[in-house]
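Each reported figure results from applying straightforward, stated rules to the coordinates on display, with no laboratory input. Please read all numbers here as calculations on a predicted model, not as lab measurements.
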Amino acid sequence: MAQLKVFRILSATALFANVLSTGAAAAEDMVRGQEIYEQTCVACHGADGRGTLPGVPDFTSKNSPMAKDDALLLLHITDGFQTPGSMMAMPPKGGNSDLTEEDIKFVIQYIREKYGA
């Protein structure tokens, strides 16, 4: 019986440690997404996510590009995209050729969290 109790305590401790490390990793991912957004995206999309130029989508809107699934957003950001009706297109990787697929995923996660999209 005592061995079972010890096993349960050790299992719970391991589970709790995993949750903590997962939470820390998620927080680091959000920080990385924010850094990239502020360095690459903010000039056109704005600090408030509403867009600073005519035709740039408003991330806070129900009809924003963020209503799309992550795979399509990843494709649009990676390859560049022109929103219908916009006079200019977003360049591939927002003009930052150094961005990796992982970086772009961090940005998508950050935008979803930040602007509730």
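Taking amide H positions as modeled 1.01 Å from N, with prolines and chain starts lacking one, the residues under 5 Å from Phe81 and 5 or more places away or on another chain are Met90. Listed by chain and number, the aspartates and glutamates placed with their C-alpha closer than 12 angstrom to that of Lys114 are Asp48; residues fewer than eight positions away on the same chain are left out.
For region 68-85, the Karplus equation 6.51 cos²θ - 1.76 cosθ + 1.60, evaluated at θ = phi - 60°, returns couplings of 7, 6, 4, 4, 5, 4, 4, 4, 4, 6, 5, 8, x, 7, 10, 5, x, x Hz by residue, with Gly and Pro reported as x.
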